[in-house]
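The values are calculated or read from the model by the stated rules, or taken from the named source; none is laboratory data. Only a predicted model underlies this, so the values are computations on that prediction, with no experimental measurement involved. FYI the Cβ positions are ideal-geometry reconstructions off the backbone, even for glycines, and counts take in every protein chain you see. Just so you know, the surface numbers come from the protein's heavy atoms only, side chains and all, with ligands and any DNA or RNA stripped out. Shrake-Rupley method; radii C 1.70, N 1.55, O 1.52, S 1.80 Å.
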Amino acid sequence: MRALVCYESMFGNTHHIAEAIGAGLGAGCEVAVRPIGAVTSTEVADADLVVVGAPTHVHGLPRPASRQGAAEKATGSETRHLEAEAEGPGVREWLQSLDHLDSRVAAFDTRVDMNPVVTGRASKGIDHKLRHAGGRPIAAPESFLVDREDVLVPGELERATAWGTRLAADLAASTV
């Protein structure tokens, strides 16, 4: 079984979560973890499971303006460092370009550790768009939390690895 974990990340948190999910999936799958701008249509077509993640910006998926805001937030910051791919096209644009998915799918996000009514959840939008493209969800959308300083909350990497392990087990069970 092949799994593709693709992500958009501004300050590295979503990237680290994607890597942890990939590590969990590795127990039962051949896994590729890629920034969304590096994902090829062949990788998507060959995947039995496509896992997509992004940070939550202004209650949903990042937009060009929110990416610019993140870049400005990182300028001159001692603690926030912009990922190399952060200012390119993101998950929103990639999802809009999808023609058809013939795979199981899962969605995740990173968001501030507050009530999702206040923060929103990018994973819900990702899940909706993956379903619209024909993807068959294997799990409910998942959020991984950061604090107000954009630092992952302790335990979130371990939780992401465990989620990846569950996704691999569920994928194996669904193909029996």
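Summary of values
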item	result
Check: the stretch 24-79 dipole with +1 on Lys, Arg Cβ and -1 on Asp, Glu Cβ, in debye	320 debye
Nearest-ten-degree value, helix 156-174 long axis tilted from longest Cα axis of the chain	20 degrees
For residue 103, distant residues with modelled amide H under 5 Å away	136
Whole-angstrom gap from the stretch 1-72 to the stretch 132-161, using each part's C-alpha centre	11 Å
Folded to 0 to 90 degrees: helix 13-25 orientation relative to the chain principal axis, Cα	20 degrees
Given charges at beta-carbon only (K, R positive; D, E negative), |dipole| of the chain in Debye	500 debye
Mean separation of Cα contacts under 8 Å (6+ apart) over length of the chain, as relative contact order %	30 percent
Rotationally averaged projected area of the stretch 32-83 (alpha carbon convex hull; nm²)	4.8 nm²
Accessible surface, the chain, averaged per residue in Å² (probe 1.4 Å)	48 Å²
Whole-percent carbon and sulfur share, accessible surface of the chain, 1.4 Å	52 percent
Whole-number percent relative contact order across the stretch 1-61, with pairs defined as alpha carbons under 8 Å at least 6 apart	51 percent
Computed E for residue 40/residue 128 - FRET, C-beta separation, R0 30 angstrom, nearest 0.05	0.80
Zone residues, the stretch 132-158, relative to residue 2, backbone N less than 14 Å from point 7 Å out along Cα-to-Cβ	none
Cα Rg, Dmax, the stretch 14-53, angstrom units	9.9, 26
The chain, Rg to Rh (Cα coordinates; Rh as Kirkwood inverse mean 1/r)	0.95
